[in-house]
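A quick write-up on the structure given underneath.
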Amino acid sequence: MFERTLKLSEEDRMVYDNALKFFERECVPHNERWAEQGVIDREAWTKAGEAGLLCATMPPEYGGSGLNFRASAMLMEAQIEAGTSGPGFSLHSDIVAPYIFAYGSEEQKQRWLPRLATGELIGAIAMTEPGAGSDLQGVRTTAKKDGNHYVVNGQKTFITNGQLANLIIVVAKTDPSKGAHGTSLVIVETDEVDGFRRGRNLDKVGMAAQDTSELFFDEVRVPTSNLLGHEEGQGFIQLMQQLPSERLQIGVTAIKTVEKALELTLKYTKERKAFGKSIYDFQNTRFKLAEIATEARIARVFVDHCIELLVEEKLDVQTAAMAKWWCSELQCKVVDECLQLHGGYGYMMEYPIAQMFVNGRIQKIYGGTNEIMKELISRTL
């Protein structure tokens, strides 16, 4: 039913099939326990590395499989299809690793990427602070040079993979007097430093199995060689260059969730009886599902187009913002309507539609709020 314009290779389809089997075998049986403990098992990361699911787009010389973003999309879609929200593999593989690959020195790439690919290192990126969310220019964390080291001080919050991450890209001010032009990206390997500590694993509305944490940096000393890029002050530009990819990832997971919600709701309404006939037999139900199917088709064509643009390195800030904003809004609207068609059972957490409802709300917030997306779009009009 879900036609797509994206031209998938046999390798892309194999990636999807292998990833789906992995998530169903290694993750789904642990969903409930992971949600209760607020974090997935550490060994799930090394198993994912052994299965080739981490850093697949990195070149083989850095431990990856040399694939492109189509394969990354397949991994994300397989995770949605399996119904396991805990693993933060996509942030690790498709946000953290690309920063190192794009801006790191050869020594940095050789040092970090292979260990990210095996799961020995778990990646996170520390942007958000208690007083700085979508406005990255408001970051107050500092990295002050002291000889051949940076001394990092500051606090970060809402950091995905925060409880397990041992390689963190920290957005910090190396020269606070220069505003955005004084922002740099500095790598902190947490196993090798003093003064780093993790705060509480945050209690969220949804995504209970995915660890999201506060992080504290108190006089943390890291070598100046841990700077990403050949000079200080490039951090804001680096962030702006990579954010379109992150925002498209939100679009990818949004449309896959829409399709999954529609599939589940079609099945439920055709099986569930009320007043002597199936819920699907009521005209209101059929009309609602017809609307959802149409919107899903429109979103799928757009997202697949954006995936091809990213593969061709042509995805711009405006189009990525459109994908993030429109698809995340559609996801929340569709899941809400599908939950309604489930009736009281839709409000029970044992039903996947209820899990989609609570897990999906964050899509309109992270990666830059949807209000910021509209602002970015409006600037290009």
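The values are calculated or read from the model by the stated rules, or taken from the named source; none is laboratory data. This is a predicted model, so every value here is computed, not measured. Every residue, glycine as well, gets a Cβ built from its backbone with ideal geometry; the counts of neighbours run over all protein chains shown. Quick note on the areas: whole protein, heavy atoms, side chains included, nothing else; ligands and nucleic acids left out. Shrake-Rupley method; radii C 1.70, N 1.55, O 1.52, S 1.80 Å.
For the range 161-205, the residues whose amide N sits under 14 Å from a probe point set 7 Å from the Cα of Arg221 along the beta carbon direction are 192-196.
Candidates Ala48, Asn68, Gly88 compared by Cα position along the dipole of the range 21-93: farthest toward the positive end lies Asn68, with charges placed on Cβ. The portion of the accessible surface of the range 108-229 made up by carbon and sulfur, rounded to a whole percent, is 45 (1.4 Å probe; DNA, RNA and ligands excluded). Beta bridges from DSSP with both residues in the range 137-216: antiparallel share about 95 percent, rounded to the nearest 5. Computed as a quarter of the hull surface, the mean projected area of the alpha carbon convex hull for the range 330-381 stands at 4.0 nm². Karplus-based coupling profile of the range 137-151, in residue order and whole Hz: 5, x, 4, 10, 4, 10, 10, 9, 6, 9, x, 9, 10, 9, 10, with θ = phi - 60° in 6.51 cos²θ - 1.76 cosθ + 1.60 and x standing for Gly or Pro. Taking every alpha-carbon pair in the chain and binning the separations at 10 Å intervals from zero gives 5, 23, 33, 25, 10, 3, 1, 0 percent. With Cα atoms defining each centre, the range 309-378 and the range 13-58 are spaced 23 Å apart in the structure. Our summary gives the range 7-119 a relative contact order of 35 percent, counting only alpha carbon pairs under 8 angstrom and 6 or more residues apart. Straight Cα distances below 13 angstrom link Lys156 to the aspartates and glutamates Glu129, Glu214, Asp218, with same-chain residues fewer than 8 positions distant left out. Counting only Cβ charges, +1 for Lys and Arg and -1 for Asp and Glu, the dipole size of the chain around its Cα centre is about 1000 debye.
Expressed as a rounded percentage, what relative contact order does the range 188-279 have, with Cα pairs under 8 Å and six or more residues apart? About 18 percent, as a whole number. Each part gets one Cα centre, and for the range 191-224 versus the range 90-167 those centres are 11 Å apart.
Here the Kirkwood formula puts the hydrodynamic radius of the range 1-112 at 14.8 Å, using every distinct Cα pair. Hydrophobic, long helices, defined as DSSP H runs whose alpha-carbon span along the helix axis is 27 Å or greater and whose mean Kyte-Doolittle value is at least -1.0, occur in the chain at 235-271, 283-311, 317-342. Once you have a ≥ b ≥ c as the square roots of the Cα gyration tensor eigenvalues for the range 106-175, tell me rounded if a/c is under 1.5, and otherwise prolate or oblate according to whether a/b is larger than b/c. The shape class here is oblate. In the full protein context, the range 199-261 carries 36 Å² of accessible surface per residue, based on a 1.4 Å probe and ignoring ligands, DNA and RNA. Averaging 1/r across all pairs of distinct Cα atoms in the range 37-188 and inverting the result yields a Kirkwood radius of 16.3 Å.
For the set Lys270/Lys324; Lys277/Lys364; Lys270/Lys333; Lys145/Lys324; Lys47/Lys314, the pairs lying more than 29 angstrom apart at their alpha carbons are Lys270/Lys324; Lys277/Lys364; Lys145/Lys324; Lys47/Lys314. Extension gain for the segment Ser378 to Val28, taken as residue separation times 0.36 nm less the Cα-Cα distance, is 121.9 nm to one decimal. From most to least packed by mean Cβ count within 10 Å, the peptides 147-156, 161-170, 289-298 give 161-170, 147-156, 289-298. Residues whose amide H comes within less than 5 Å of that of Ile122, counting only those at least five positions distant or on another chain, are Asn166, Leu167 (H built at 1.01 Å from N in the peptide plane).
Quantify how much of the Cα-Cα distance distribution of the range 136-275 extends past 23 Å, in percent. Percentage above 23 Å: 48.
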